[in-house]
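The values are calculated or read from the model by the stated rules, or taken from the named source; none is laboratory data. Keep in mind that what you see is a predicted model, and the values were worked out from it rather than measured. Cβ atoms come from the backbone with ideal geometry, glycine included; neighbour counts cover every protein chain shown.
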Amino acid sequence: MNYILNHKRHKRFTKDSACFCFLMCLLWFLIPVGLLAQDAEKKPKPYQISGYIKNLQSAYIIDNVNPFVASKKLVISDNLLHHRLNSKYFFNKNWTLKTDLRNRFFWGDQPQLPIGNYAEQLDLANDHFDLSYEWSDASGVAFQTMIDRAYLEFVNDDWEIRLGRQRINWGISTLWNPNDIFNAYNFADFDYEERPGTDAIRVKYYPNFSSSVEVAASMADSLEASTLAAKGGFNIKGYDVQLLAGFSENDWVLGGGWAGNIKGASLKGEVTTFTPVDTGMTSLAITFNVDYQFKNSLYVNGGFLYNSLGETKGDLSQLLNLEISAKNLYPFRYTVFTQFGYPLSPLTNLGGAIIYSPVESQAVFFTPTITYSLKQNLDLDFVAQVLFNDNGSKYVSPIQAGFLRVKWSY
């Protein structure tokens, strides 16, 4: 439900944004010229190129709430052609430039829906700098090209420094990450494997082999919209532990996470508190999960999420308009989940997840998946997303979605 379940992210296009975008695009086009010249001289390649091409077909069946339309169901069909190009250029053993580009071409029913400009919705995926171009029209066609990663990295002994658009991954748990204060993501957006990035500077130091200290700051138009935090990681009796503190979008943030094993089972958890500067009313997000793989390769995972900002009433339609953030990862206050995965054959994998919230509507989010390897670097995926609610008189499914994806990696 890439567009329907999208969340809002605010950014501003400025002259600085335009200059930064121009610079990164210039680097993007100049680097291949240098690579070709080096290939001609048969020198060792100081670069890496990879990526994929995907085609995603989707179909939605949604309860029609418009009383002036006779049909009780709204059927939406869409197609997405997605190309991604990842590149790394190694200036030397210390300096690396990474630039990733994603191009997406949409056509179908969603770009025609009267719920706002489709191109503007795509543009919400940007961070502080506007590093994308979007276009759509009323005929149901849309296009986006975006620089998804663009950072310069310096590595020297115990130090790592990154500047630019990057993913600052502070999350530990499997499904939800209250510690991921820089770039929280929507778990329902399964087609975005790389997950969102943020325009930031990050400095990491390793005092020894089992500990680290990290400081990061995101770019923003004001202090209230920025995130500045520090994280320390260490090991205690076989458990990896992290503590973090800082400021995130006008909230004082304090949290931590852990990961370890007991008799072959992996335990992971995160907790974060958010205290607004103005009101001082603290909110709390906690998640915990346990996963285990049996000898027959069956993988199971289960856990919960507590979100003090979540509702105890309502239904899953709230998920459609939820503004995803580390302090508000799901609409409801209490949620439990279970995941599973099993290889039916060397080429076929079966998986899925069930997410349940014990609220008045007994909300359930069910998503089964089947993956089949057609050949090396070519995969076929089927994914379904089905929402269930108790509407007061009976248990119904207001939204059902099915996705068929072909992916070729290179």
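Descriptive notes on the structure:
- Residues of segment 318-345 that are in contact with a Leu (Cβ under 8 Å, 6 or more places away or on another chain) and of a type in the set (G, A, S): G341 alone.
- If you go through segment 305-321 and keep only what is surrounded by 13 or more Cβ atoms within 10 Å (Cβ to Cβ) and either closer than 26 Å to A225 by Cα or touching a Phe, Trp or Tyr at 6+ places or on another chain (Cβ under 6 Å) (or both), you end up with L305, Y306, N307, S308, L309, G310, E311, Q318, L319, L320.
- Complete set of residues in segment 331-345 that are touching a strand residue (DSSP E or B) at 6+ places or on another chain (Cβ under 8 Å) and surrounded by fewer than 19 Cβ atoms within 10 Å (Cβ to Cβ): R333, Y334, V336, T338, F340, G341, Y342, P343, L344
- When residues of segment 352-374 are limited to those that are surrounded by fewer than 17 Cβ atoms within 10 Å (Cβ to Cβ) and not hydrophobic (A, V, I, L, M, F, W, C), the one modelled with the lowest pLDDT: E360
- So N321, is it closer than 18 Å to I355 by Cβ, modelled with pLDDT of 95 or more and within 20 Å of the chain's Cα centre (by Cα): no
- Selection from segment 136-146 of residues that are under 22 Å from the mean Cα position of the chain (by Cα) and surrounded by fewer than 23 Cβ atoms within 10 Å (Cβ to Cβ): F143, Q144, T145, M146
- Only one of the listed residues (T227, T275, T282) is surrounded by 19 or more Cβ atoms within 10 Å (Cβ to Cβ) and among the β-branched types (V, I, T). That residue is T227.
- Verdict on Y330 being among the hydroxyl-bearing types (S, T, Y) and touching a helix residue (DSSP H, G or I) at 6+ places or on another chain (Cβ under 8 Å): yes
- Residue list for segment 315-353, filter: aliphatic (A, V, I, L, M), within 26 Å of G256 (Cα to Cα) and either in contact with an Asp or Glu (Cβ under 8 Å, 6 or more places away or on another chain) or assigned to a strand (DSSP E or B) (or both): A326, V336, A353
- Candidates A142, A138, A125, A150, filtered to the one that is modelled with pLDDT of 90 or more, among the aliphatic types (A, V, I, L, M) and more than 30 Å from G232 (Cβ to Cβ): A142
- Considering the conditions (1) over 25 Å from I181 (Cβ atoms); (2) assigned to a loop (DSSP other than H, G, I, E, B), G402 is excluded by exactly one of them, (2).
- Matching option when the condition is part of a loop (DSSP other than H, G, I, E, B) and surrounded by 22 or more Cβ atoms within 10 Å (Cβ to Cβ), among N92, N126: N126
- The conditions of being surrounded by fewer than 22 Cβ atoms within 10 Å (Cβ to Cβ) and either at pLDDT below 95 or in a loop (DSSP other than H, G, I, E, B) (or both) are met by E194.
- Number of the exception - E160 against (1) surrounded by fewer than 21 Cβ atoms within 10 Å (Cβ to Cβ); (2) under 29 Å from F366 (Cα atoms); (3) of a type outside the set (V, I, T): (2)
- No other residue among N377, N389, N349, N328 is out of contact with any Lys or Arg (no Cβ under 8 Å at 6 or more places or on another chain), under 23 Å from K54 (Cβ atoms) and crowded, with 19+ Cβ neighbours inside 10 Å apart from N349.
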